[in-house]
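Enquirer: Quick one: this structure, given as structure tokens, is what I'll be asking you about.
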């Protein structure tokens, strides 16, 4: 063997080694009958077919889809001496192979293919196919194209985008101004009358009037906060319904009774047409009453003195229809499409006649949607009244003594007395809160029911009081300076039992989200009490922690 032929042999061996083991592309060689002569490692890895199972077999028989997709003609043309290029854009792929990674959104590998004739002494003796994986490149190009298109759309609609941004800013400013106004108004009455009470110069009649005014305005503030929390839960998808069989007629009547004093004060006549066959239905009793109450409150607010409100409930085929109509100020045709939008009000100016945050109807729509129903509004225009129509799915209920009774919404009196509440006599309660007013309020409420109350203004003081007084119950705020309530309960739970490590505890906090409640319970507290807490509820929770919930 000559030196030249030896070098050629080595070079040929190196080329074959590269083609079979090292190439970063798929390489397939066939003879002129399209029987496979080379099937490299890349092809083995991506098709799962081993070379010894493929070589010697006809390519079109191994992959009949080549014929079905009419790609066999490219091999015919290659055998006639033509070089063929199969682009990803036209063909996607030659031989089906799974994509290396699913991150680009392609299940199949995207391929660019070059199919060439193999010639010897001017005669075609086979074909050479080179397959390149272009999935990542295609994905990048698609992403780049999408960015270019998005940028183009953004540039073409720049004026519209600027207008929308200005409108959003205006709505935000209007909302902030509105919420400031709606929160400050009750505060003005609360602070004003509280100041007069502190001076001690009010007559008994005026003092009673002051207390009633403070209580009414505090309730108004609590409702505003409740609406904001409801909207937050709805937006984040964390609002949950307690769905049971409910008496719809009872719910409607309860909502009517709750707004009747306000209607009577304006001389508004309420007409109720309630079909007994319209219930019971499945739903959350409290949320259904909230829906009707919001609509009736709106109707009373926007109906002038001497007006009329009609509430009609009837069953129509497979659904129940609730219609609340009034003879009030009506809604302009321009604003009608935006009635259920959050923070939108027909009149958001400082000279507006009616208060509110513009959240009530948005909450109505979301709650109705969660019940599987729909809500619509009609008005012939300003001064011609408004009609809201709610449809809810009707669920037939078979009467059975074993079935649970229909659930009614919970209702509370304006003022809850301490009569009938469990006794706290002999209980020692440790109250921890950095706010002096809150500490004193809780002290007075619990002392009224017979308990001994120790107060602390920090976690450090609370730990010392726990050691000294050995309280039966712990009530702690969460948000405190230096060390919060979570840290406090963690330290307490690390103590041995004889030093109060297992003391029953409730968290009293202004953090009222579902995730806050779960964190409270996970951290070692047994109860989560959101502020503002009802006094009767506070006493009941303390009694429950002491095992006295059913004693009086």
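The values are calculated or read from the model by the stated rules, or taken from the named source; none is laboratory data. From a predicted model like this one, the values you see are computed outputs, not experimental measurements. Here the Cβ positions follow ideal geometry from the backbone for every residue, glycine too, while neighbour counts run over all protein chains shown.
Enquirer: Does at least one position in the range 8-20 carry a residue that is at pLDDT 90 or above and in the same structural domain as residue 135 (by TED's automatic domain parsing)? Spell out how you get there, then give the answer.
Expert: As a first pass, look at the range 8-20 and keep what is at pLDDT 90 or above: none.
There is no residue in the range 8-20 that is at pLDDT 90 or above and in the same structural domain as residue 135 (by TED's automatic domain parsing).
Enquirer: Within the range 4-34, take every residue that is more than 60 Å from the chain's Cα centre (by Cα) and in contact (Cβ under 8 Å) with a residue 24 or more places away in the chain and give me the one that is surrounded by the most Cβ atoms within 10 Å (Cβ to Cβ).
Expert: Per the criteria, the residue is 31.
Enquirer: Name the residues in the range 120-143 that are touching a strand residue (DSSP E or B) at 6+ places or on another chain (Cβ under 7 Å) and part of a strand (DSSP E or B), would you?
Expert: Taking the range 120-143 first, the residues touching a strand residue (DSSP E or B) at 6+ places or on another chain (Cβ under 7 Å) are 124-134.
124, 125, 126, 127, 128, 129, 130, 131, 132, 133 - these are the residues of the range 120-143 that are touching a strand residue (DSSP E or B) at 6+ places or on another chain (Cβ under 7 Å) and part of a strand (DSSP E or B).
Enquirer: Can you tell me which residues in the range 72-127 are surrounded by fewer than 14 Cβ atoms within 10 Å (Cβ to Cβ) and either at pLDDT below 90 or outside the structural domain of residue 46 (by TED's automatic domain parsing) (or both)?
Expert: Those that are surrounded by fewer than 14 Cβ atoms within 10 Å (Cβ to Cβ) and either at pLDDT below 90 or outside the structural domain of residue 46 (by TED's automatic domain parsing) (or both): 87, 89, 90, 101, 102, 103, 105, 107, 108, 120, 121, 122.
Enquirer: Only residues in the range 191-207 that are in the same structural domain as residue 221 (by TED's automatic domain parsing) and under 18 Å from residue 217 (Cα atoms) count as the first member; pair them with residues that are outside any helix (DSSP H, G or I) and at pLDDT below 85, Cβ under 8 angstrom, at least 6 apart or cross-chain, and list the lot.
Expert: From residues that are in the same structural domain as residue 221 (by TED's automatic domain parsing) and under 18 Å from residue 217 (Cα atoms), the pairs are 196/202.
Enquirer: Could we say that residue 466 is in a strand (DSSP E or B) and surrounded by 20 or more Cβ atoms within 10 Å (Cβ to Cβ) here?
Expert: Taking the combined requirement at face value, the residue does not satisfy it.
Enquirer: Out of 500, 485, report the one residue that is out of contact with any strand residue (DSSP E or B) (no Cβ under 7 Å at 6 or more places or on another chain) and outside the structural domain of residue 223 (by TED's automatic domain parsing). Full working, then the answer.
Expert: Numbers: 485 fails: out of contact with any strand residue (DSSP E or B) (no Cβ under 7 Å at 6 or more places or on another chain).
One residue alone meets the criteria, 500.
Enquirer: Something else about it: Can you name the condition, by its number, that residue 239 falls short on among (1) crowded, with 16+ Cβ neighbours inside 10 Å; (2) at pLDDT 75 or above; (3) not in a helix (DSSP H, G or I)?
Expert: The one condition residue 239 does not meet is (2).
Enquirer: Name the single residue, out of those in the range 45-57 being over 55 Å from the mean Cα position of the chain (by Cα) and surrounded by fewer than 13 Cβ atoms within 10 Å (Cβ to Cβ), that is farthest from residue 19 (Cα to Cα). If you could, list the steps in order and put the result at the bottom.
Expert: Taking the range 45-57 and keeping what is over 55 Å from the mean Cα position of the chain (by Cα), we get 52, 55-57.
Okay, now just the ones that are also surrounded by fewer than 13 Cβ atoms within 10 Å (Cβ to Cβ), so 52, 56.
Working: 52: 16, 56: 18 Å.
So, considering only residues that are over 55 Å from the mean Cα position of the chain (by Cα) and surrounded by fewer than 13 Cβ atoms within 10 Å (Cβ to Cβ), the one farthest from residue 19 (Cα to Cα) is 56.
Enquirer: Here is a follow-up. As an exercise: evaluate residue 44 against (1) more than 21 Å from residue 109 (Cα to Cα); (2) outside any loop (DSSP other than H, G, I, E, B) and give the number of the one condition it does not meet.
Expert: Evaluating residue 44 over (1) more than 21 Å from residue 109 (Cα to Cα); (2) outside any loop (DSSP other than H, G, I, E, B) leaves (1) as the failure.
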